[in-house]
Every structure is written in structure tokens, then in C-alpha cells.
Amino acid sequence: MDQITNYLQEQFSAMIELTEKIINVDSPSNDVAGIQKVADILSAKMKNLGMETRQRDSGKQGMVLIGELPGEKELQPVILLGHMDTVFPKETVKQRPFKIEGGSNDGSGNL
């Protein structure tokens, strides 16, 4: 468990940076362009991690982003699911951009 904790602490700043990029994109459910921006950010990160990515069009809701990381054939696959849209209307980011309150981004994992 210490190995996982250490890794997460080392990656803390990068995780905050990625979170900020995603949060600062308006991506309401009916805004395919905004959802595409989030997909582009995530796809770039996934490719940086060595994943193969592809997108499938799902109509007016945007697309599905799929990433695959090669692994051991005898191991069971792991599937992570999420969504790239928000419940907030366009222009919300201007009113409420990403910010950290009551803590610091010092890489310690503590906010």
C-alpha cells in the first residue's frame, strides 16, 4: 500500500493540473464541442501514458472515448468508466473557474 500512496503523492501536482484543465472547459450535455475538448484533453493524457485511444460517435451526446493499455494476457481486464459532460450551462466556467480553497498545491496530497 505504501507503494501506491507514494505514487499518488508523486503524481499529486499532475493530477491537480489535469483536473483544472478539465474543470475549466464548459461541457454541458448538449455541447458536443465542449465535450470534444474534454475528450481531447483526456486522450492526450491517455496517449502520454502509453494507451491507444479511439472515439466512437454516440450522436448528439458527443462521443465515447476508449483507451486501451496493453497488459498481461492472462490477467483480467480493468474497465474505468466516466462521463465528460456536466450539468452546468455554458459560461459557468467564467463564473466559477477551478480554484483551491483552504489548502495548497504543494504536492503533499493535502488540500
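A short reminder: the numbers here are calculations on the coordinates, not readings from a lab. Note that the coordinates shown come from a computational prediction; the quantities given were computed from them, not determined experimentally. Ideal geometry is used to build each Cβ from the backbone, glycine not excepted, and the neighbour counts take in all protein chains shown.
For region 41-93, what is the convex hull volume of its Cα atoms per residue in Å³?
Numbers: hull volume 5.6 nm³, N = 53.
Normalising the Cα hull of region 41-93 by residue number yields 105 Å³.
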May I ask for the longest run of the chain untouched by trypsin sites (Lys or Arg not before Pro) that are loop-located per DSSP and have at most 10 neighbouring C-beta atoms (other than their own) within 10 Å?
-> 1-72
Mind grabbing the base-10 log of I(q)/I(0) for the chain at q = 0.16, 0.17, 0.23 Å⁻¹? Debye formula, identical points on the C-alpha positions, no solvent, two decimal places.
-> -0.91, -1.00, -1.29
Distance between region 62-78 and region 1-31 - C-alpha centres, whole angstrom = 20 Å
Using bins 10 angstrom wide from zero, how does P(r) for region 1-44 break down, in % of all Cα pairs?
-> 27, 37, 24, 12, 1
For region 20-79, how many pairs of lysine residues have a Cα-Cα distance under 16 Å, where the two are 8 or more positions apart or belong to different chains?
-> 5
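Please give me, ordered by residue number, the GluC sites (Glu not before Pro) of region 24-80 that lie in loop per DSSP and have at most 15 other Cβ atoms within 10 Å.
Working: sites: E52, E68, E72, E74; in loops: E72, E74.
Within region 24-80, the qualifying GluC sites (Glu not before Pro) (loop, at most 15 other Cβ atoms within 10 Å) are E72, E74.
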Could you list the residues of region 43-66 with an amide nitrogen less than 16 Å from a label point located 7 Å from the Cα of N30 in the Cα-to-C-beta direction?
-> 60-62
Residue of S27, S13, S58 that the Gaussian network model of the chain assigns the largest fluctuation, springs spanning Cα pairs under 10 Å = S58
Residue with peak Gaussian network fluctuation, the chain [Cα springs, cutoff 10 Å], from Q61, Q76, Q95 | Q76
